[in-house]
Structure formats: structure tokens, C-alpha cells
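Right, one structure below, let's go through it.
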């Protein structure tokens, strides 16, 4: 059972090899992709939602399920009949889950499990107030509506979470107040809707883990200046974490709860806190998911929670980590869980990212310059490019500006290096104001571009991994590193120097 403190359990971090070249890492990943997946259990029965929309104003209904491995949604779209009816079938629903029903500008939160049936009726003119549910999943779905209305599903959308307190004592008081209010809402709903006992127990656990994940997450708010970048500025007392003893982990029956999974997400961050506190955060961030995998595979027992949480670390490692850290851990995961339900989505994620892996040509992004003229990154060939993909509305992006300027000054007399900023801002005016405010639009060895709103390739890329992200691109237009260090990382200058040395020596 979790928690396991460092003094009570040795955190063995295996020395995986990390010096593979980009080409060898790519070959390893391709080999892992080609391995056949073990047979998994028989698919669970589908959940079915039958509904009718009175006075319809739109022709389709969407049912959206959040991926357990990423922030993406799986969307099922069905068309209304002439009478406003629809039938939506949700397959591959392995466990009970929150499902968002979207109709035009209206939305309702449902709770569905394998084999569930739900009947729904609503009037499009007053969707929320007219919503009527029946069937086995009606009670839990009514409770989900009540949670959203009373704002007890997510602490940070609740009144208690609107502002981050400045002391651990205030944070604990707010979290406690939220927990008491959420438990009262659940108790009232249990009587009103005759909630099944198993569902009620699951939701009681969800409230506790929401409380816990808020308290664990406060460590980052308290110990660092926002946004997360440099070293810690203060440290939480060890006694602050005593609350973790009241939250057993794993608790596999709570896996369907997003709050339980978010709490699990923070476990690696929590267990690695001594190592994290001794590093600049941007250096830690590129390693945290590899180290998190190594730690969690040791401290958690084999079972559904470890299966999911290790897969989650690999998914995050794919997006944010160092490429050389992935192959040995992915191979280890396949040995541990050959029939894991998370192997197929991991494999699909890995396949998608091969198009921008080291050695691949730079995608043909649709770009414009400051005058709105179309440009191509192909015109930058012949130099080593440090590419910064960012946006004016992204605080972590803007926070990197001082470090980026310092990095540019360091290489100002090296014309073989070019620093390129690529904004994904929808509005050119916002982009240009940010360039002016941050001082990024002038100086030697730099160029600034903005992506066209119609650039689907770039949109899919930043939807997968967010912004900012940084690449090193060789003089031949091929990607050298698709996880280059951030400017604020102590490794950024060394990565550029290493790339220049390798290019000079004729190595890829």
C-alpha cells in the first residue's frame, strides 16, 4: 500500500543506457512497434444511450470520453432522426467513466459503464432544466449533473479553489472545506437518486483523492515561482505530507475516478521530491517521467493501478521526455504487462510521433512573416536551427523569454546557429505585441514567424504535446532533436554545442 517513504523502501533506479544516437533510438522504437501485441480479454459489452431532443436546433449529438493516457477525447457522433431521436453506442468502455454529451452549445455529464443503458430526453430551448434520464445509469448521471451545478467535481473550478493560498495551513483549510461540501452533496444525492452502493463508495473515494491531489499539487505552487522554471525558493515541511497516510494507493476500484488518476499522476512527482528539490525544474521536467516510471514500478504492487500508471508515465515520456529514455522502459512494460489494455493506445501514440522523430524532415508548416507574407522553413537550410514553438497567451512560453535572450546572446557571434520563433497565435497583433514586450523580435541570428490558422499539421502537433516545445534542426532540414532543452535549462547551451560539434565531425 502507498505511501512508501524513501527510508522504508529502497528506490532502485536502474541505470538504463541513455547514450544511444537518434538513429539507434529510432530503430529500437520501430522494432518495439513491430512486436505483436498479446491477446487481451474479450471486449466488454457496449453502453447504449437512447435519446430524444425536442425542438431540435442542431442535427448531431456527440458523446466525448477523456483518454486515460492523455488529454485527448474520443468522440462518438450520431445524427438525429427526423423525429429528433438518436441511439449512441459506446464500445471499448472497459470501466465506468464520465461521458460528456454535447448538443450544440449545450452539454450534460453522464456516468456510464460497460453494458449500461440510458434513456434521455431534453428540450433544446431549455436543455439543462428539461433534461430527463431513466434506466440503470440515470441515478449516477443525475449525480454528475449535481456535481457540476454545485462545483464539487473539481477543486479548481470550485469557490474554494479560485485563488491559491500562500501558506500550507490555508491550503489545508480550503481543501478540507471543499471535501466537506463535496461529501454533503454526495450524501444528499445518494438519498435523492437512490445511488447504488458500489457507485457511492467509488465517489466517496473520488472525493478523498480529489482532496489529496490538491494537497499534493500545492507543493509545486508553494516551492516554485510561477511558472515552474528554476530552483525551489522554499520547501514544505515534511509533516505537511502526513495526509498521504490516509489515502491508500493503489485502490484499484477507484481507477474510473479522474481524481484518483490525477492523484496517481502526482505520485512520481511526490516520491522524487528530494531529487527534484536539488535541481533546476526545467532539468528535472525532462527526466521526471523516466524516473517516475523507475520508482513506481518498484513501490507499487502488480495490478491494474500500476499497469495504468506505468503506461501513463510512458505516454508522458513520449511527449515530454528524452527520446533515449523511452525504449528500455517500453520494453520493460511489455514484459510486465504483455496484455495491458494500454499497449494499443501507446503503440498508436508512438506511431504518430515517428513522423517528427530525429532524422525525419521538418514538416512543411504553413508560415507567415511579420508582413504577412508566406514563408517556408526550407529557406533556413544551411544552419543549425533552434526552433521555439510558442504563443503569446502561454505563460510558460513567455517566462522562457529572458533565458532565450541570454541563450541568443551566448551564440550571437556564431552565424551557423539560427534561433527561430514560431508562434501559433491566431491573431497577428497579439503575436507582434508579445514580440515587442519580450524583446524577441530584434537581434542577430534570429527569425520570427507565425503559423497560419489553417496549418492542420502544426495544430495536431501542439495539441498532442502543448506549448512551448523546442527542436534542433540540422542544416539539411532534418530534425536532430524533437525534445531539445528549454532555454532556461542548464543543458540548453550544451545541447547546441554538441549538435554543432557532431555536424562538424560529420555525424548525424
### Query
Do you know the relative contact order of segment 47-135, to the nearest whole percent, from alpha carbon pairs under 8 angstrom that are 6+ apart?
35 percent
### Query
Dividing the Cα radius of gyration by the Kirkwood radius, what Rg/Rh value follows for the chain?
0.98
### Task
Could you state the angle between the C-alpha long axis of helix 168-193 and the longest principal axis of the C-alpha atoms of the chain, as a value from 0 to 90 degrees rounded to the nearest 10?
40 degrees
### Query
Seen from all sides and averaged, what is the projected area of the convex hull of the Cα atoms in segment 104-174, in nm²?
6.6 nm²
### Query
Using the eigenvalues of the Cα gyration tensor, what equivalent ellipsoid semi-axes result for segment 101-239 when each is taken as the square root of five times the eigenvalue, whole Å, largest first?
35, 17, 13
### Task
Beta carbons within 10 angstrom, averaged per residue: use that to sort the peptides 385-395, 147-157, highest first.
385-395, 147-157
### Message
With n ≥ 4 as the cut-off for DSSP H runs, can you work out [θ] at 222 nm for the chain, using -39500 (n - 2.57) per run divided by the number of residues, rounded to the nearest 500?
### Response
-12500 deg cm²/dmol
### Query
How big is the antiparallel share of DSSP beta bridges in the chain, given as a percent to the nearest 5?
70 percent
### Summary
Expressed as a whole-number percentage, the relative contact order of segment 226-384 with C-alpha contacts under 8 angstrom and at least six residues apart is 18 percent
### Task
Using only the Cα atoms of segment 377-426, build the gyration tensor, take square roots of its eigenvalues as a ≥ b ≥ c, and label the shape rounded, prolate or oblate: rounded if a/c is under 1.5, else prolate if a/b is larger than b/c, else oblate.
oblate
### Summary
Rounded to the nearest 10, the angle in degrees between the Cα long axis of helix 492-504 and the longest principal axis of the Cα atoms of the chain comes to 50 degrees
### Quotient of Cα Rg and 2.2 N^0.38 Å for segment 234-318, N being how many residues it contains
1.11
### Task
Using only Cα atoms, find the angle between the long axis of helix 138-150 and the longest principal axis of the chain, and express it within 0 to 90 degrees, rounded to the nearest 10.
60 degrees
### Message
How would segment 282-383 be classified by its alpha-carbon gyration tensor: rounded, prolate or oblate, with rounded meaning a/c under 1.5 and the a/b versus b/c comparison settling the rest?
### Response
prolate
### Message
Ignoring solvent entirely, what values of log10 I(q)/I(0) come out of the Debye formula for segment 367-504 at 0.09, 0.14, 0.16, 0.19 Å⁻¹ when each Cα is a single scatterer?
### Response
-0.24, -0.60, -0.80, -1.17
## Note on the structure
Restricted to segment 367-504, the DSSP antiparallel beta bridge percent, nearest 5, is 50 percent
#### Entry: Square roots of 5 times each gyration tensor eigenvalue, C-alpha, segment 47-135, largest first, Å
22, 14, 12
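No value in this document is a laboratory result; all are computed from the given coordinates. The structure presented is a predicted model; accordingly, all values stated were derived computationally and were not measured. When we count neighbours, we look across all protein chains shown, and the Cβ atoms used for this are built from the backbone with ideal geometry, even at glycine.
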